[in-house]
Amino acid sequence: MNEHTTRGSTPQERRASRRYMWEIAAGAVGFLVTFLFLPELFPTEPGSPAAVAVALVPLVPVVWIVIALIRHVRRVDELQRGLIVLSLAIGFGAAMLISLAVVFLSTAGVVVPQPEWWVFIGGMAVWGVTVGVVSFRATR
Amino acid sequence: MKNDVRALRTERGWTQVQFAEALGVSRQTVNALETGRYDPSLPLAFRVSALLSRPIEEIFFPGEHDAPPSGGRR
C-alpha cells in the first residue's frame, strides 16, 4: 500500500479544519483582549453597572467560540461528530465531578481557592485530552 | 461488523483520500471503516455501496460478535 492510501486529508477536511481554527482563534483573541485589557482601558467603580458590563463583555467572544464549535460539529462527518460529542460528554462529566468535589470539600471545611476556575480548567483539559485519545483509538 | 471496503477500494486503484472525497467523509472515517473500528450509518453504507457498485450485503457482513436476529439471545 503506498503512502497516499494511509495519510493525508480531503480538501473538505482541510477547509473545515481551517475554518474551525480561524473561528476559534478569533474567539480566543477576542476573549483575551476583552478579559485582559478591557478593565485597563475602561476603569470602573467596583459594583457599578459599568463594572458589571465590563466584567461580562468577555462572555461575548466565548459565546462565539461555542457557536464555532457547534458549526464545526455540524460540518464534520458522522464518525468525527461522534468522537467530538463523546469527548464533550466526558469533559462535561469531568467538570460536574470537579464541581461536586469542590462542594463536598467545602462541606468538610476545606476551602478550595477559586473553585470556578478548577471546574473550567478541569473540564476543558479532560475534553482536550479525550478528543486526542478517542481520535487516536478510532484510527490507530 | 466486517467489510471488504479496503479490498474493493484498492481493486479500483483508489487511495483512501480519493475514496473519502467521493463519499464526502474524512480519510479518518475511511480508515476506521476499513479497519473495522467504525460501523457506518445506513446512509453512508448505501453511498459506499453505490460507489463500489456492489450490493451492501456483498460489502458488509456480520462478525462473530454481532447479535443474531434473535436479538442477542443465543
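Selection within the stretch A:60-88: residues that are aliphatic (A, V, I, L, M) and within 13 Å of A:A16 (Cβ to Cβ). The member of this set that is farthest from the chain's Cα centre (by Cα) is A:V76. Within the stretch A:107-132, being hydroxyl-bearing (S, T, Y) and touching a helix residue (DSSP H, G or I) at 6+ places or on another chain (Cβ under 8 Å) holds for one residue alone: A:T130.
For the stretch B:6-20, the set of residues classified as aromatic (F, W, Y) and under 16 Å from B:A32 (Cβ atoms) consists of B:F19 only.
Listed by position, the helices (runs of 4 or more DSSP H) contained in the stretch A:29-140 that have at least 2 residues being exposed (fewer than 12 other Cβ atoms within 10 Å of the Cβ) and within 14 Å of chain B (Cβ to nearest Cβ) are A:115-139. For the stretch B:54-74, a residue qualifies if it is surrounded by 10 or more Cβ atoms within 10 Å (Cβ to Cβ) and either in contact with a Gly (Cβ under 9 Å, 6 or more places away or on another chain) or modelled with pLDDT of 80 or more (or both), and the qualifying residues are B:R54, B:I56, B:E58, B:I59, B:F60, B:F61, B:P62, B:G63.
Residues in the stretch B:1-44 that are part of a loop (DSSP other than H, G, I, E, B), more than 9 Å from chain A (Cβ to nearest Cβ) and over 21 Å from A:V133 (Cβ atoms): 4 in all. The residues in the stretch A:21-76 that are of a type in the set (F, W, Y), in contact with a helix residue (DSSP H, G or I) (Cβ under 8 Å, 6 or more places away or on another chain) and over 29 Å from B:G24 (Cα atoms) can be counted, and the count is 2.
The values are calculated or read from the model by the stated rules, or taken from the named source; none is laboratory data. Please read all numbers here as calculations on a predicted model, not as lab measurements. Counting neighbours? That spans all protein chains shown, and the Cβs are built from the backbone with ideal geometry, glycine included.
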